[in-house]
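To start, the structure itself, in structure tokens.
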Amino acid sequence: MSITQQYFLDTYRARSLGEPVPPAPGTDDWQVVREWRDERHYRAALAGRPVRRRLRDALARWRRLPT
């Protein structure tokens with residue numbers, strides 16, 4: 001059973017029981033990624049390590065490359 005099929009089944013059950021419909025799959029994915037990143041930065045700051053933004057730093061280095 002795919003994720004979409006499971007979602008439709010859960011939606012059908014919730015509506016027939018009068019319960020709130022569950023969120024669609026993938027709705028909160030970016031929020032989870034942001035929270036994970038924030039937690040990683042928080043733990044680094046508590047440990048006294050510099051907070052590195054790896055993707056942002058890599059893109060900045062790439063932009064500075066001589067053409």
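Per residue, how much space in cubic angstrom lies within the convex hull of the C-alpha atoms of the chain?
148 Å³
Kindly express, to the nearest 10 degrees and within the range 0 to 90, the angle between helix 3-17's C-alpha long axis and the longest C-alpha principal axis of the chain.
50 degrees
Excluding Val21 itself, calculate the net charge of residues whose Cβ lies under 13 Å from the Cβ of Val21, where each Lys or Arg counts +1 and each Asp or Glu counts -1.
Here the count lands on 0.
Projecting each Cα onto the charge dipole of the chain (Lys/Arg +1, Asp/Glu -1 at the beta carbon, about the Cα centre), which of Leu46, Ala58, Val21 comes out farthest on the positive side?
Among Leu46, Ala58, Val21, the one farthest towards the positive end of the dipole of the chain is Ala58.
How large is ³J(HN,Hα), in whole Hz, for each residue of segment 24-31 in order, when computed from phi with the Karplus curve 6.51 cos²θ - 1.76 cosθ + 1.60 and θ = phi - 60°, using x for Gly and Pro?
5, x, x, 5, 10, 4, 5, 5
A short reminder: the numbers here are calculations on the coordinates, not readings from a lab. Quick caveat: nothing in here was measured; it's all calculated off a predicted structure. No Cβ is skipped: glycine too gets one built from the backbone with ideal geometry, and neighbour counts run over all protein chains shown.
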